[in-house]
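Enquirer: My questions all concern the structure below.
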Amino acid sequence: MRPPVNSVGETPGNTIDPSLVRTYRAWKGNNVFFLGGRFIFGPDVKSIITTVFLVVAPVAVFCAFVARKLIDDFPHHSGYSILILVILHTIFVLIALVLTSGRDPGIVPRNLYPPVQLPEDYDGSVSVNSEHNLPPHLPRFKEVVINGTTVKVKYCDTCMLYRPPRCSHCSVCDNCVMRFDHHCPWVGQCIGLVMAIN
């Protein structure tokens with residue numbers, strides 16, 4: 001007889017199969033996830049509060065002091081169009097800020113099974129007293145041919161993979177990012193591949 005299965009899909013006393021765990025729950029980088037992994041922010045997501053304040057505060061001052069006087073200066077109260085335009089533009093900027101900060105900048109997933117380069121004479125035995133029988137470390141650089149051009153790629157010890165061309169490791173997020181430019185403190189996210197395409 002099979003043991004009963006609970007609502008989560010696991011049998012009592014058993015642990016959850018690692019292959020069934022959502023990626024964002026087992027994430028090894030420093031990112032922060034919201035809405036079931038739909039938004040991925042950098043570890044400094046709280047900096048967005050400062051950025052939102054720096055956007056909203058001048059707009060509030062403009063609306064309170066300048067736009068209020070412009071409403072009366074234009075005939076037929078057409079000054080309201082200026083106020084509405086400023087508010088709509090600010091809402092657009094805030095939505096773009098959250099979407100930019102909350103999307104994947106081009107993170108290269110970590111390698112769960114790191115590549116192993118064994119010498120031809122390696123017999124698989126490991127000696128505790130001698131380092132002679134241990135497998136050597138992977139070479140720091142490797143040459144690959146891409147579209148007929150030889151490119152030198154670098155091994156990332158943290159992500160355990162050879163980085164694709166134009167990929168760098170962000171020390172803040174602790175991830176390799178395609179076309180990494182910098183980690184933006186105002187957005188709280190890396191500026192990389194996805195940001196460059198849009």
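The values are calculated or read from the model by the stated rules, or taken from the named source; none is laboratory data. Remember, it's a predicted structure, so these values are computed and weren't measured experimentally. A quick note on method: Cβ atoms are made from the backbone with ideal geometry, for glycine too, and the neighbour counts reach across all protein chains shown.
Enquirer: Among the residues of the range 44-59, how many are touching a helix residue (DSSP H, G or I) at 6+ places or on another chain (Cβ under 9 Å) and over 17 Å from Cys190 (Cα atoms)?
Expert: Adding up the residues that qualify gives 4.
Enquirer: Do we find that Ile48 is in contact (Cβ under 8 Å) with a residue 12 or more places away in the chain and part of a helix (DSSP H, G or I) in this structure?
Expert: Working: in contact (Cβ under 8 Å) with a residue 12 or more places away in the chain: yes; part of a helix (DSSP H, G or I): yes.
Yes.
Enquirer: How many residues, within the range 73-118, are surrounded by 12 or more Cβ atoms within 10 Å (Cβ to Cβ), aromatic (Phe, Trp, Tyr) and at pLDDT 90 or above?
Expert: Here is the first cut: in the range 73-118, the ones surrounded by 12 or more Cβ atoms within 10 Å (Cβ to Cβ) are 74, 79-83, 86-87, 90, 93-94, 97-98, 100-111, 114.
Next cut, aromatic (Phe, Trp, Tyr) only: 74, 80.
Now narrow it down to the ones that are at pLDDT 90 or above: none.
The total comes to 0.
Enquirer: While we're looking at this one, here's another question. Name the single residue that is farthest from Cys170 (Cα to Cα) among those in the range 49-59 being surrounded by 12 or more Cβ atoms within 10 Å (Cβ to Cβ) and over 24 Å from the mean Cα position of the chain (by Cα).
Expert: Taking the candidates together, the pick is Val59.
Enquirer: Considering only residues that are in contact with a Cys (Cβ under 9 Å, 6 or more places away or on another chain) and of a type in the set (Ser, Thr, Tyr), which ones fall in the range 140-188?
Expert: Passing the criteria: Thr158, Tyr162, Ser168.
Enquirer: Could you tell me how many of the residues in the range 51-80 are of a type in the set (Phe, Trp, Tyr) and part of a loop (DSSP other than H, G, I, E, B)? Explain how you work it out, then say what you get.
Expert: Step one: of the range 51-80, the residues of a type in the set (Phe, Trp, Tyr) are 53, 62, 65, 74, 80.
Cutting the leftovers down to part of a loop (DSSP other than H, G, I, E, B) gives us 74.
Residues meeting the conditions: 1.
Enquirer: Restricting the range 141-198 to residues that are assigned to a strand (DSSP E or B) and touching a Leu at 6+ places or on another chain (Cβ under 6 Å), which is modelled with the highest pLDDT? Quick ask: steps written out before the conclusion?
Expert: Within the range 141-198, the first condition is being assigned to a strand (DSSP E or B), and the residues that meet it are 141-146, 149-156, 161-162, 167-170, 175-178, 182-184, 189-191.
Now drop any that are not touching a Leu at 6+ places or on another chain (Cβ under 6 Å), which leaves 155, 178.
Values: Tyr155: 87, Met178: 91.
Among residues in the range 141-198 that are assigned to a strand (DSSP E or B) and touching a Leu at 6+ places or on another chain (Cβ under 6 Å), the one modelled with the highest pLDDT is Met178.
Enquirer: Exactly one condition in (1) within 21 Å of Val32 (Cα to Cα); (2) over 13 Å from the mean Cα position of the chain (by Cα) is false for Val144; which is it?
Expert: Among (1) within 21 Å of Val32 (Cα to Cα); (2) over 13 Å from the mean Cα position of the chain (by Cα), the lone unmet condition for Val144 is (1).
Enquirer: Just to be sure, is Ala67 exposed (fewer than 12 other Cβ atoms within 10 Å of the Cβ), of a type in the set (A, V, I, L, M) and free of Cβ contacts under 8 Å to residues at least 40 places away in the same chain?
Expert: On the way: exposed (fewer than 12 other Cβ atoms within 10 Å of the Cβ): no; of a type in the set (A, V, I, L, M): yes; free of Cβ contacts under 8 Å to residues at least 40 places away in the same chain: yes.
No: the conditions fail for Ala67.
Enquirer: Can you tell me which residue is nearest to Lys46 (Cα to Cα) among those in the range 139-169 that are in contact (Cβ under 8 Å) with a residue 40 or more places away in the chain and touching a Phe, Trp or Tyr at 6+ places or on another chain (Cβ under 7 Å)?
Expert: Cys167
Enquirer: Here is a further query. Kindly provide the set of residues from the range 33-48 that are surrounded by fewer than 18 Cβ atoms within 10 Å (Cβ to Cβ) and either touching a strand residue (DSSP E or B) at 6+ places or on another chain (Cβ under 8 Å) or modelled with pLDDT of 90 or more (or both), ordered by number. Full working, then the answer.
Expert: Quick first cut of the range 33-48, residues surrounded by fewer than 18 Cβ atoms within 10 Å (Cβ to Cβ) only: 33-38, 43, 46.
Matches in the range 33-48: Phe33, Phe34, Pro43.
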